[in-house]
1. If the label point is 7 Å along Cα→Cβ of residue 95, which residues in the range 387-408 have backbone nitrogen under 20 Å from it?
2. Quick check on the range 1-127: of the DSSP beta bridges with both residues there, what percent are antiparallel, nearest 5%?
3. Using 0.36 nm per residue of separation minus the Cα-Cα distance, give me the extension gain between residue 367 and residue 7 in nm, one decimal.
4. Assign one of three labels to the range 313-498, namely rounded, prolate or oblate, based on the Cα gyration tensor with a ≥ b ≥ c the square roots of its eigenvalues; rounded applies when a/c is under 1.5, prolate when it is not and a/b is larger than b/c, and oblate otherwise.
5. Sort the following peptides by mean Cβ neighbour count (other Cβ atoms within 10 Å, averaged over residues), highest first: 333-340, 406-413.
6. Taking 7 Å along the Cα-to-C-beta vector as the label spot, tell me the residue 294-residue 21 distance in nanometres, rounded to one decimal.
7. Using all Cα-Cα distances in the chain, what percent lands in each 10 angstrom bin from 0 up to the longest?
8. Taking the Cα-to-Cβ direction at residue 517 and at residue 375 and moving 7 Å from each Cα, how far apart do the two end points lie in nm?
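Only the coordinates and a few stated rules stand behind these numbers; no lab work does. If you're wondering where the values come from, they're calculated on a predicted model, not measured in any experiment. We place every Cβ from the backbone using ideal geometry, glycine too, and count neighbours over all the protein chains shown.
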Ligand code: C2O
């Protein structure tokens with residue numbers, strides 16, 4: 001293993017897409033930003049220099065950050081933002097992970113354009129658990145917003161209405177012949193289907209964990225998720241359409257934008273025929289379910305699935321929307337849409353939670369995040385009369401190494417929606433999922449505790465639930481939130497505080513000297 005140095009210059013640049021030109025924030029003047037390459041075991045130092053007028057922070061999405069929460073990146077959770085004209089060196093070691101992840105800005109709306117892939121190769125001389133592809137290609141799925149992203153999010157906050165859907169998806173190039181695609185969904189708000197005309201995709205990895213390989217026509221990928229697929233270039237010479245289209249089974253969402261790219265076999269004639277493909281309909285729940293049911297941990301000798309078999313903390317979290325009074329809101333008749341977990345709308349602190357925890361600063365957060373919702377109701381049926389939420393900066397405290405189960409239950413308040421929930425600092429096992437209300441007696445019996453897929457972001461189905469398990473073996477403060485930016489902004493977020501253990505390597509390391517101050 002070695003030490004790798006990167007420099008990320010965050011600056012403003014005028015860019016033209018879809019016939020509209022506007023200044024956007026970029027890293028090293030690239031969109032998507034540079035791919036970060038490393039090997040398992042490497043230490044990576046990224047000097048992030050802020051040349052723009054906004055506060056900035058970068059999150060290394062899916063990197064475990066064992067004992068190095070200071071380098072995790074979410075603003076006001078693990079660090080104060082990097083202010084204009086300042087810099088911060090993110091310093092972490094990649095332990096026990098290899099595969100595709102991504103990095104993105106973790107402050108307000110900036111991640112729309114400030115994102116890029118992370119490719120972690122296995123240790124030198126260690127093969128993949130599947131035949132080596134000839135080539136590897138990074139495919140970053142993003143969004144391009146014609147209006148300014150800041151306005152889009154502000155519009156969502158002020159009006160209390162859902163924001164405009166994005167105008168198009170952008171896909172970076174797809175040349176080549178026989179390859180592994182490392183697909184990243186860096187979009188702000190859209191779960192996506194991805195398919196290639198005339199080709200089967202063999203899924204081998206999700207969220208940088210190996211899965212039992214399986215073939216499929218279509219993959220489903222939520223914001224915050226990554227998926228590696230092998231494509232065999234086994235068709236006749238020609239051009240093949242790659243289709244990326246949104247999956248939305250919420251009754252109120254509308255988005256008909258489909259992005260396309262083409263896959264060319266090298267050396268083909270310019271007039272070679274094009275094979276088209278029809279993207280799945282927007283509400284293709286059966287295709288989505290079928291794909292998700294096929295995902296299993298590889299669970300081999302070399303890569304065992306270490307599913308916690310007992311549970312110390314059993315949590316039941318409702319995830320959904322709500323409506324709170326907002327006297328200053330002009331739209332929405334003096335009320336606004338909010339989002340919550342267990343009816344708590346998270347309030348961002350003005351200093352970082354991890355700093356407050358480490359330096360024992362009181363008054364920044366409380367540790368009373370509820371293990372259960374305040375009242376029992378028919379979560380996926382008719383919503384309760386009072387749609388209001390409580391507000392606060394509440395965390396849930398966990399002793400070091402505790403085993404945790406969280407049942408994430410979608411609610412139909414305002415509308416059922418699919419929520420891709422991302423947990424920082426850990427991978428978790430997706431032990432169960434279903435539609436309707438979770439039934440502890442019935443559903444827990446069917447949990448997969450043998451080879452459930454292991455990931456860092458999971459979709460809670462629209463009008464359904466998902467159960468996850470993880471071991472709290474990483475001391476620090478770890479954000480958990482919906483990876484739909486608009487829901488995060490509305491408050492669908494909370495944090496776990498994991499205490500230090502007693503052993504020699506069970507405490508968070510001291511903060512780096514250049515840690516930004518608020
Ligand atoms: Cu990819 Cu907290 O985010």
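1. Of the residues in the range 387-408, 398-404 have backbone N under 20 Å from the label point off residue 95.
2. Here the antiparallel bridges make up roughly 70 percent for the range 1-127.
3. 125.9 nm
4. It is oblate, given that a/c is not under 1.5 and a/b is not larger than b/c.
5. Output ranking for 333-340, 406-413: 406-413, 333-340.
6. With each label point 7 Å from Cα toward Cβ, the separation is 4.5 nm.
7. Histogram of Cα-Cα distances, whole percents per bin: 4, 19, 31, 29, 14, 3, 0.
8. Going by the 7 Å Cα→Cβ label model, 4.7 nm.
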